[in-house]
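Laboratory data are not the source of any read-out in this text; all were calculated from the coordinates shown. All values reported here derive from a predicted model rather than from experimental measurement. Glycine also receives a Cβ, built like all others from the backbone with ideal geometry; neighbour counts cover every protein chain displayed.
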Amino acid sequence: MLALATTASERSDLNLRPGVTDISQQVYSLHMMMFFICVVIAVIVFGLMFYSMIRHRKSKGAKPANFHDNVKVEIAWTVVPFLILIGMAVPAANTLIAMEDVSKPDLTVLVTGSQWKWHYKYMDNDVEFFSIMATQQEQIQNKFTKGENYLLEVDRPLVIPTGQKVRFLITSDDVIHSWWVPDFAVKKDANPGFINEAWTNVNEPGVYRGQCAELCGKDHGFMPIVVIAKDPADYEAWIVEQEAIARRAAEEEQRLLAMSMSMEELMATGKRVHDSVCAACHMPNGEGLPGVFPAIKGSQIALEDQEAHIDIIVYGRAGTAMQSFARQLTMSEIAAVVTYQRNAWNNNTGDMVQAKDVNAIMNGN
Amino acid sequence: MSTVTDTANTPATDDAHGHDDHHHHIPKGLMRWLLTTNHKDIGTLYLWFAFIMFLVGGAMAMVIRAELFQPGLQIVEPNFFNQMTTVHGLIMVFGAVMPAFTGLANWLVPMMIGAPDMALPRMNNWSFWILPFAFLILLSSLFVEGGGPAFGWTFYAPLSTTYSGDSTALFVFSVHIMGISSIMGAINVIVTIFNMRAPGMTYMKMPLFVWTWLITAFLLIAVMPVLAGVVTMVLTDKYFGTSFFDAAGGGDPVLFQHIFWFFGHPEVYIMILPAFGIISHIVPTFSRKKLFGYASMVYATASIALLSFIVWAHHMFTTGMPVIAELFFMIATMIIAVPTGVKVFNWVATMWRGSISFEVPMLFAIAFIILFTVGGLSGLMLAIVPVDFQYHDTYFVVAHFHYVLVTGAIFSIMAAVYYWLPKWTGRMFDITLAKWHFWCSLISVNVLFFPMHFVGLAGMPRRIPDYALQFADFNKWISIGGFAFGLSQLIFLALVIKACRKKGEKVSSQVWDGAEGLEWEIPSPAPYHTFDTPPVVK
C-alpha cells in the first residue's frame, strides 16, 4: 500500500495527490487504506451476490431454500464490521490529532477571505497584501486561449519557507470561505467574526495551487489560492524585500497627497481599478446586477454626493456586500476610481477627486 | 410476516355494492382530485407531483451540466448557475424524493396493514394541496429581480442572510409550507399505523415498508420543526435585525450549520429508510424466499434512525471544532456502517439459494443494492476526518450523495413504481420500454456520477460554474452521462402515461408469483375502497 502511495503520480487526474508535507502523505496513505478496504468489502459482497444471481436463478431450475434467520451469522456480520471500523479509526485518530496540533509555530500568517479574494498578513513582519485571481476575463469568456494555470493563478501568491512550521490564522470579512491547498492537506473554513487555526510544514520548494472550497457567492469559482514555498534563505530575502517595498509605497502615498493628478491620469487609473476590483459586482459597464448588486451608472451616489461616494469605498456599507476598500486600494487609486465612476458611462459630472480628498475622509484632515 | 387473510372477511368489491352503493361512486373531473380524501387518489397526486418536480429539477441539472460541459463560461452567468444548483437541490429533495415516498406511503400503507384509508383523510388532502403552492413560490422566485436563491440548498448564513437577494423571503416561505406538508403527512402515517392495523397485524408482523415509514415519520416530526426554526432565524436575521448568525451582534455563523445539519442528517435518512423498506419487499418476491432477518431489519432501521441524531457535525469537519468533537462525530458516523451493513447482508442472504428471476422491479432493486453500497462505502471514507478535509466540498462528495440519492432513493422509487404499478392499474406495464428505461438509466447514471469521484479526488470543488483545464475531459463525460440520464427518464414518462391509459395485459391479484402481503390479496386494479371490513391476519 505504501509502495503504491509513493509511486502514484504527483498530480493525478484520478486520485488524491500525496502532497508535499508529512501530514498530507499520511492523509494520502489513510485514503488509500480506506479505498482498498472498501474495494475488498465490495468485491466480497458483490461477489456473493453475483454468484447467487448466476447460480440460484429460477431459469436454471433453482428451488428456493427455506431459511430466513441465523443468529450466529447475524452476530458475525455485526461484530466483524465493528472490528474493521476500529482498525480504521485508530490510524485516523492519530493523524487527526497531529493535524490539529497548532502549537509552536515558526511563523504565522493571517489569512482573510472576502468576496472574492484572499488577504495575507505576515504576523511577524510588516507585510500584508491581497491575492486576486490573475486569469483574464477574456479567457473565461472564451475569447482568448486558456492558459496552463487557467483559474488557478493569482497576482500575488502567498510565500512561505520550507522546513518550518507555518501557522495559518483563518478568518473572513464577509461570508464563509474555505482556504484549501490540496498539496498540504489543509482545508479550513474562514468564518466571519471567528478565527480558525491550521498549519503546514512543506518539505519541497515549489508552487502549490488551491481554490476556495465553500460556496461564497457569485465568483466562488474564481477565488484561487497560490502558495510558493521557498528555501528559508530565499524566503528571508523575499520578506525583507517586501518590507522595503511596503515602506516605499507608504512614502509614495504621502508624496502623492501633495500632488494633483490630471483628468487623463485619473480616468486611466480609475478604469484599471474599476475593472479589476469593482467590476466583479458592479460590472465593467457600471450597471451592476439588478436586484443583487446596485448600478453605479446613473446612481444618486455617483452623480451627487462626492463625499458619500468616497466614504462608501473607504468604509463599505454595513449589512451589504459592499466591503471596505481602504486596505486594498491606495488613496490615489480610490481618488482615481471615484473620478472614473463619476465621469464614465454618461455619469458626466466633471468632478475630479484627488488623493488629498480621500485622505480628508480617511484621516479627517 | 405470514399474513394470511381470512377470505370470508375480505371485502370483495362485488358484494360491497349491495349495501353501500354511494360509497363506491368515484367522482369525476377536476373536483375529484381537488377535493379527494381517498388515500389512493392522494397517493397518485403525490406521485405525479413528484415526477413533474423530478423533471423540473432534472432540467435544472441539465443547465448545470451544459455549462460544465467545457471550461469557460458559455451558457449562463455565475449568479444564475448558483440559482440552478440551489433550486435543483431544493426541488429534488423536497419536491421529488420526499413527495414520492409520501405518495407511496399513501397508496401502500393502508393496503399493507388492512386499513380502509389513512386515519386523517382531510388533512391528507391538505398536506398534498399546499405543496404545489410551495413550489410555485419557490420557482417564481427565479423570475424576481435579482433572481432566486443562490446560496446552495444548504443556505449557509451569512450568504443567505446579509448577502442574499430579496427572493430569500420567498424561499423561506416556501420551505415553511413544504415543512408543514411533511409534518402533516408524517402525523397521518403514524396515526394510521398505530390505530388502523387489521386485527392480528402485530407490530412485528408489519411489512417492512410500513416499519421503515413509521420510523421515517418520527424522524420527520423530530426534525422538520428544526428546519422551520432555522429558516425563521434566517428570515429574522435578514429582515428584522436579529443576529443569530452574525458575530457582530453576538451570534455565530457556524451555529447556523449546527442547526441546519441537526435537521439535515436525519433528513438524509428520511430519504433512504423507505427505500430500504421497498427493497425488502422486492428482493424476497423475486428470490421466492422469505426476507432474511426480518427482526434485525427492523432493529437496524431503528438504530440508523437513532444514530442519525448524533452525527450531524460530520458535514462540518472543516468549520473548526475541537479535536474531541471531531473524533466523536467520526466514530458515531462510522458506527452507522454497522446497521447499514446488516441490511445489505440481509438482502444478499435473502437472494442466497433463492430462485431468482429478473423482472424489472428486481433489476432496479439489484442496481439499488450495488450502487447504494458504492455510495455507502464512499460515505465511510468521508467519515474519516483527516481525509474528509481533502474530500469536503469537492465533487467526491457530489458523487457520494448522488449515489445514495439517485441510484439509492430514486432507483428504489422506480423499483417501487414498477413493482406496484400493475396493482394500481390492473395492467402489466410495457416490459420492453421498462427494460430500455432500466438499462439506459443504469449505464448513463454511472457515466454521470462515477467520474465525479475522480474529479473530486483530483481537486475540483463543488458549486463552481467553471473549472481548471485538468478537469475538462471527465466533465465532458459527466455531462454526456447527465444528458443521457435525463433523456432516459422520458422513457419512464412514456411508460407511465401508457400504463395510466390502461394499455397492456390484465394481471391477477397477486401480479408477481412470489409476492406476499395484504396488498396482493385484493383485486388488480385495487378498488377505490379497500378493506371496508378489516381482514384478519393470522
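Looking at region A:55-174, what % of its DSSP beta bridges pair antiparallel, to the nearest 5?
Taking every DSSP beta bridge with both residues in region A:55-174, the antiparallel ones total about 65 percent.
Tilt of helix A:71-99 relative to the longest C-alpha principal axis of chain A, in degrees (0 to 90, nearest 10)?
30 degrees
Where does helix A:331-343 land angle-wise versus the long Cα axis of chain A, in degrees 0 to 90, nearest 10?
Computed tilt is about 80 degrees.
Looking at region A:107-250, what % of its DSSP beta bridges pair antiparallel, to the nearest 5?
Taking every DSSP beta bridge with both residues in region A:107-250, the antiparallel ones total about 70 percent.
Using +1 at the C-beta of Lys and Arg and -1 at the C-beta of Asp and Glu, which of A:PHE36, A:PRO224, A:GLY147 has the Cα lying farthest in the positive direction of the dipole of the protein assembly as shown?
Result: A:PHE36.
Which of these, A:SER260, A:SER52, A:SER276, has the largest mean-square fluctuation under a Gaussian network model of chain A (Cα springs below 10 Å)?
A:SER52
Hey, what do the phi angles of region A:271-279 turn into as Karplus ³J(HN,Hα) couplings, whole Hz, using 6.51/-1.76/1.60 and θ = phi - 60°, x for Gly and Pro?
For region A:271-279, the Karplus-derived couplings read 5, 4, 5, 4, 5, 8, 10, 7, 5 Hz, x marking Gly and Pro.
For B:TYR467, B:TYR294, what's the fewest-to-most ordering of other Cβ within 10 Å of each Cβ?
With the sparsest Cβ surroundings first, the list reads B:TYR294, B:TYR467.
Using modelled amide H (1.01 Å from N, peptide plane; none on Pro or chain starts), what sits under 5 Å from the amide H of A:ALA190, excluding residues fewer than 5 places away?
Here A:HIS177, A:SER178, A:TRP179 satisfy the definition.
State log₁₀ I(q)/I(0) for region B:428-538 at q = 0.10, 0.22, 0.23 Å⁻¹ as given by the Debye formula over alpha-carbon point scatterers of equal weight, solvent excluded.
The Cα Debye sum returns log10 ratios of -0.54, -1.15, -1.20.
If you place +1 on the Cβ of every Lys and Arg, -1 on the Cβ of every Asp and Glu, and leave all else neutral, what size is the dipole of region A:107-250 about its Cα centre, to the nearest 20 Debye?
240 debye
Compute the whole-percent fraction of alpha carbon pairs in the protein assembly as shown spaced more than 37 Å apart.
That tail contains 50 percent of the Cα-Cα pairs.
List the lysines whose Cα sits under 26 Å from the Cα of B:LYS343, skipping any in the same chain fewer than 8 residues away.
Those lysines meeting the cut-off are A:LYS58, A:LYS63, A:LYS72, B:LYS205, B:LYS289, B:LYS290.
With springs only between Cα atoms under 10 Å apart, run a GNM on chain A and tell me which of A:VAL227, A:VAL43, A:VAL338 wobbles the most.
Judging by the Gaussian network model, the answer is A:VAL43.
Go through region B:84-100 residue by residue and turn each phi into a ³J(HN,Hα) via Karplus (6.51, -1.76, 1.60, θ = phi - 60°); whole Hz please, and just put x for glycine and proline.
5, 5, 5, 6, 4, x, 4, 5, 5, 6, 8, x, 9, 5, 5, x, 5
Run a plain Debye calculation on region B:399-489 (Cα atoms as equal point scatterers, no solvent) and give log10 I(q)/I(0) at q = 0.16 Å⁻¹, rounded to two decimals, same order as the q list.
Summing over Cα pairs of region B:399-489 leads to -0.70.
Which aspartates and glutamates, if any, have their Cα less than 16 Å from the Cα of A:LYS187, not counting same-chain residues under 8 positions apart?
Correct list for A:LYS187: A:ASP22, A:GLU100, A:ASP101, A:GLU197, A:GLU214, B:GLU326, B:ASP388, B:ASP393.
Quick one: dipole size for region A:244-327, taken about the Cα centre, charges +1 on Lys/Arg Cβ and -1 on Asp/Glu Cβ, in debye to the nearest 20.
320 debye
Run through the DSSP bridge list for the protein assembly as shown and note the antiparallel percent, rounded to the nearest 5.
Around 75 percent of the beta bridges assigned by DSSP in the protein assembly as shown are antiparallel ones.
If you wrap region A:33-95's Cα atoms in a convex hull and average its projection over all directions, what's the area in nm²?
5.5 nm²
For region A:259-362, state what percent of all Cα-Cα pairs lands in each successive 5 Å bin, counting from 0 Å until the bin that includes the largest distance.
Taking all Cα pairs of region A:259-362, the binned fractions are 2, 14, 26, 29, 20, 6, 2, 0 percent.
At a threshold of 8 angstrom on Cα-Cα distance, excluding pairs fewer than six apart, so keeping six or more, what relative contact order does region A:107-250 reach in percent?
27 percent
Would you give the gap between the C-alpha center of region B:122-159 and the C-alpha center of region B:255-277, rounded to a whole Å?
19 Å
Hey, which lysines would be in cross-link range of B:LYS238, C-alpha to C-alpha under 24 Å, not counting anything within fewer than 8 residues on its own chain?
Cross-link targets: A:LYS218.
Given H placed 1.01 Å from N in the peptide plane, which residues other than close sequence neighbours of A:ARG57 have an amide H under 5 Å from its amide H?
Excluding prolines and chain starts, which carry no amide H, the hits are A:ALA62, B:ILE356.
Sequence-distant or interchain residues sharing an amide H contact under 5 Å with A:MET322, placed H: which?
Here A:ARG317 satisfy the definition.
With +1 on the Cβ of every Lys and Arg and -1 on the Cβ of every Asp and Glu, and nothing else charged, how large is the dipole of the protein assembly as shown about its Cα centre, in debye rounded to the nearest 20?
3920 debye
Rounded if a/c is under 1.5, else prolate if a/b is larger than b/c, else oblate: which is chain A, with a ≥ b ≥ c the root eigenvalues of its Cα gyration tensor?
Because a/c hits 1.5 or more and a/b exceeds b/c, chain A counts as prolate.
With the cut-off at 21 Å, report for region A:107-250 the share of all Cα pairs above it, as a whole percent.
Within region A:107-250, distances greater than 21 Å cover 42 percent of Cα pairs.
Using helices alone, what [θ] at 222 nm do you get for chain B, with -39,500 (n - 2.57) per DSSP H run of 4 or more residues, divided over all residues and rounded to the nearest 500?
The helix-only estimate for chain B comes to -21000 deg cm²/dmol at 222 nm.
Which one of A:GLN242, A:ASN201, A:GLN115 is farthest out on the positive end of the charge dipole of region A:107-250, using unit charges on Cβ (Lys, Arg +1; Asp, Glu -1) and the Cα centre as origin?
Result: A:GLN115, furthest along the dipole toward the positive end.
Give me the angle, in degrees from 0 to 90, between the Cα long axis of helix A:306-315 and the longest principal axis of the Cα atoms of chain A, rounded to the nearest 10.
Value to nearest ten degrees: 30.
Over the Cα atoms of chain B, what is the Rg over Rh ratio if Rh follows Kirkwood?
Dividing the radius of gyration by the Kirkwood radius yields 0.96.
Read phi for every residue in region B:142-148 and hand back ³J(HN,Hα) as whole Hz from Karplus 6.51 cos²θ - 1.76 cosθ + 1.60, θ = phi - 60°, with x for Gly and Pro.
Calculated HN-Hα couplings, in order: 5, 9, 7, 4, x, x, x Hz.
Expressed as a rounded percentage, what relative contact order does chain B have, with Cα pairs under 8 Å and six or more residues apart?
21 percent
So what's the net charge close to A:GLY291: Lys and Arg +1, Asp and Glu -1, counting the other residues with Cβ under 9 Å from its Cβ?
-2
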